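What follows is a set of notes on a single structure, which appears directly below.
The values are calculated or read from the model by the stated rules, or taken from the named source; none is laboratory data. In this text, all values refer to a predicted model and were calculated from it rather than measured experimentally. Virtual Cβ from ideal backbone geometry, glycine too; neighbours counted across all protein chains shown. When the accessible area is computed, the model is the full protein with side chains, heavy atoms only, and any ligands, DNA or RNA have been set aside. Shrake-Rupley method; radii C 1.70, N 1.55, O 1.52, S 1.80 Å.
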Amino acid sequence: MKTKIIALSSLLFFTAFTSCTSYLTPAILGNNMGYMPKAMGADSVKALTHVSASYAASISPSAGTNFSFGMANVSRSNTFEKWNISYGLFGYAGRASGGDIDNNPKNLKNYLPSFRKSVGGAGLRLSAGPHRSSSNGNTDFRYLNIENALSFESGDYTKFRQEIYNGPIPDYVAVTNMKVLWTTGLSTEIAWRVRNNHDFRHAFRLFIGGTPNFKSSFRSGTETNEFIRGKNSLGWIFSYFLYIKHFSLSYELADNVNYAQKISFGYSFQ
């Protein structure tokens, strides 16, 4: 697992320098809609608290900027007869890097200088929706959930984005000045437990949504490609969750402004 994480970071770092356009997005986008585990409808205990630690990595559109950071997450979920609700907190800290390796003055009109900046933040999550259990109680269909995340980003990278946004924009740069991000959308989920071992469970979730006003929040240079100029925040996040006797492993893959991956290890208790 450690080898896979290192390989992912190396790939993101390499691709960050393969594109002409630098796209300075908030670091957390793509990793802010974290999965929050819920008790199943047939469980005797209907409330669940979950704590987890995550490693997340992502690249901006056109691979101009890459991010890697650690996350801490805590959530509380309540499952009722026909619906469920989950709410939680998260924090993150890491780095953002990108720009043009060649920092000669002639290039600075067109490209960003090479940079490596700290970034961090915190946020809130909320998920609620109806569900239906199978006749034997081993499968839950959470067919339509309303999902929300409110994130607050800070750090040297955020200040760097503000400086670029408020100054002359290099030709091959697009930058947003958003520091407070509200991402919202809908998800569908299926969760099931092994028939002969209820402590062994799986879940899959697909989220589709976006960040309102994102498209209008950035400025771009004259030579940024059409993909960058027309980029909006509508995207998707796919989650897989594995639970074994209070311990959990989850993996998330996203195209939600940033192209992102996240792996989390957690523990659940009443």
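So which residues in the range 186-201 are touching a Phe, Trp or Tyr at 6+ places or on another chain (Cβ under 6 Å) and without any contact (Cβ under 8 Å) to a residue 60 or more places away in the chain, if there are any at all? Can you show your working first?
First, pick out the residues of the range 186-201 that are touching a Phe, Trp or Tyr at 6+ places or on another chain (Cβ under 6 Å): 187-188, 190, 194, 201.
Result: Thr188, Ile190, Val194.
What tally of residues in the range 161-184 results from selecting those that are in contact with a strand residue (DSSP E or B) (Cβ under 7 Å, 6 or more places away or on another chain), closer than 21 Å to Thr211 by Cα and either of a type in the set (Gly, Ala, Ser) or not in a strand (DSSP E or B) (or both)?
Filtering the range 161-184 down to residues in contact with a strand residue (DSSP E or B) (Cβ under 7 Å, 6 or more places away or on another chain) leaves 161, 164-165, 169, 172-176, 179-184.
Of the ones still in play, those that are also closer than 21 Å to Thr211 by Cα are 161, 165, 173-176, 179-184.
Add one more test, that the residue is either of a type in the set (Gly, Ala, Ser) or not in a strand (DSSP E or B) (or both), and what stays is 161, 165, 174, 179.
Number of matching residues: 4.
Of all residues in the range 63-83, those satisfying the criterion of being at pLDDT below 95 and in a strand (DSSP E or B) are Thr65, Asn66, Thr79, Trp83.
Name the residue, out of Phe218, Phe204, that is open to solvent by 40 Å² or more (accessible area, probe 1.4 Å) and touching a residue at least 24 places away in the same chain (Cβ under 8 Å).
Numbers: Phe218 fails: open to solvent by 40 Å² or more (accessible area, probe 1.4 Å).
Residue meeting the stated conditions: Phe204.
Scanning for something open to solvent by 10 Å² or more (accessible area, probe 1.4 Å) and touching a Ser or Thr at 6+ places or on another chain (Cβ under 7 Å), does the range 161-168 turn up at least one residue? Taking every residue of the range 161-168 in turn, none turns out to be open to solvent by 10 Å² or more (accessible area, probe 1.4 Å) and touching a Ser or Thr at 6+ places or on another chain (Cβ under 7 Å).
Taking (1) open to solvent by 40 Å² or more (accessible area, probe 1.4 Å); (2) under 22 Å from Gly210 (Cβ atoms) in turn, Val74 satisfies each apart from (2). When Pro105 is tested against (1) over 17 Å from the mean Cα position of the chain (by Cα); (2) modelled with pLDDT under 95; (3) within 27 Å of Gln261 (Cβ to Cβ), only condition (3) is not met. Each residue in the range 135-152 was checked for being open to solvent by 10 Å² or more (accessible area, probe 1.4 Å) and either β-branched (Val, Ile, Thr) or under 20 Å from Phe214 (Cα atoms) (or both), and 5 pass. Of the candidates Gly123, Gly155, the single residue that is open to solvent by less than 40 Å² (accessible area, probe 1.4 Å), within 28 Å of Ser97 (Cβ to Cβ), in contact with a Leu (Cβ under 9 Å, 6 or more places away or on another chain) and at pLDDT 95 or above is Gly123.
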